[in-house]
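First up is the structure itself, then whatever we jot down about it.
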Amino acid sequence: MRFFLDSANVAEIEEAWEGGLIAGVTTNPSLVAKEGKDFHALLKVIAGIVDGPISAEVLDTTAEGMVIEARVLARVSPNIVVKLPVTAEGLKAARTLSRDKPPIATNVTLVFTPMQALLAARAGAAYVSPFVGRLDDIGQDGLQLVGDICRIFEQHEVDCRVIAASIRHPVHALQAALLGAHFATVPFAVLRQLLKHPLTDAGIERFLADWRSSGLSH
Ligand code: G3P
């Protein structure tokens, strides 16, 4: 499993990318709205930092409108992956975009059932994004969804990557990795939590203290 940063914040993206923590970025309209910056200009800045997939979501709800938006977004950078909702219109758009020359990669989002994921993959999506936390929020098992999708894709040799999304805490990321997700897209705070351990910090302190008290030179 590789990590994407689920953020549209340039400072966070820069830090995560330079720190070697992420393979790409996912955004959504809520995350972009939070930054209050021009969408395309922001994507250009992100594409200047990150040399990996950058998911950017369409806002139109018709297949025709999504395809037009997607083609404009794809021109921002070859790394753009167009995010489409898992609706009939979204899958129609995914099919069209997968047949563009060259094809435009899509990430079908807001996936809440294994069959939505399979249909999206069959329509030509390069990625599907099951939302773990939002299922947990309504008392369902978000991680079970990730596991089911991974199993179905493996069993039927489906050529589509699974991005565990709506990750709220480190255990979501750990379980997504164990279940076989290809990617987890995580908020910056969770990415930091994944790296941190108090015994690592204490271990460094003790090594340095022992070295200092030995009087040895470096
Ligand atoms: O990028 C979509 C997803 O990760 C959103 O997460 O926490 O708003 O459910 P959340």
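The values are calculated or read from the model by the stated rules, or taken from the named source; none is laboratory data. These numbers were taken from a predicted model, which means no experiment stands behind them. Virtual Cβ from ideal backbone geometry, glycine too; neighbours counted across all protein chains shown. Heads up: the accessible areas ignore ligands, DNA and RNA and are worked out on the full protein's heavy atoms, side chains in. Shrake-Rupley method; radii C 1.70, N 1.55, O 1.52, S 1.80 Å.
With respect to residue 64, determine if the residue is open to solvent by 60 Å² or more (accessible area, probe 1.4 Å), within 28 Å of residue 119 (Cβ to Cβ) and in a helix (DSSP H, G or I).
It is true that residue 64 is open to solvent by 60 Å² or more (accessible area, probe 1.4 Å), within 28 Å of residue 119 (Cβ to Cβ) and in a helix (DSSP H, G or I).
Name the single residue, out of those in region 102-120 being buried (at least 24 other Cβ atoms within 10 Å of the Cβ) and of a type outside the set (Val, Ile, Thr), that is nearest to residue 184 (Cα to Cα).
Only one residue tops the list, namely 107.
Counting just the residues of region 121-133 that are open to solvent by less than 20 Å² (accessible area, probe 1.4 Å), out of contact with any Ser or Thr (no Cβ under 7 Å at 6 or more places or on another chain) and not small (Gly, Ala, Ser), which one comes out farthest from the ligand (Cβ to nearest atom)?
Applying the filter and picking the extreme gives 128.
Which number in (1) surrounded by 14 or more Cβ atoms within 10 Å (Cβ to Cβ); (2) within 16 Å of the ligand (Cβ to nearest atom) marks the one condition that residue 34 misses?
Among (1) surrounded by 14 or more Cβ atoms within 10 Å (Cβ to Cβ); (2) within 16 Å of the ligand (Cβ to nearest atom), the lone unmet condition for residue 34 is (1).
When you look at residue 83, is it among the charged types (D, E, K, R), open to solvent by less than 20 Å² (accessible area, probe 1.4 Å) and without any contact (Cβ under 8 Å) to a residue 60 or more places away in the chain, yes or no?
For residue 83, the condition - among the charged types (D, E, K, R), open to solvent by less than 20 Å² (accessible area, probe 1.4 Å) and without any contact (Cβ under 8 Å) to a residue 60 or more places away in the chain - is met.
Given the condition open to solvent by 90 Å² or more (accessible area, probe 1.4 Å), within 16 Å of the ligand (Cβ to nearest atom) and of a type in the set (Lys, Arg), answer yes or no: does some residue in region 157-168 qualify?
Within region 157-168, one or more residues are open to solvent by 90 Å² or more (accessible area, probe 1.4 Å), within 16 Å of the ligand (Cβ to nearest atom) and of a type in the set (Lys, Arg).
Given the conditions (1) hydroxyl-bearing (Ser, Thr, Tyr); (2) within 29 Å of residue 20 (Cα to Cα); (3) in a helix (DSSP H, G or I), and given that residue 213 satisfies all but one, which numbered condition is not satisfied?
(2)
Show the residue pairs that are 6+ apart or on different chains and have beta-carbon atoms under 8 Å apart, the first residue being within region 137-159 and in contact (Cβ under 8 Å) with a residue 40 or more places away in the chain, the second being surrounded by fewer than 16 Cβ atoms within 10 Å (Cβ to Cβ).
Between residues of region 137-159 that are in contact (Cβ under 8 Å) with a residue 40 or more places away in the chain and residues that are surrounded by fewer than 16 Cβ atoms within 10 Å (Cβ to Cβ), the close pairs are 158/122.
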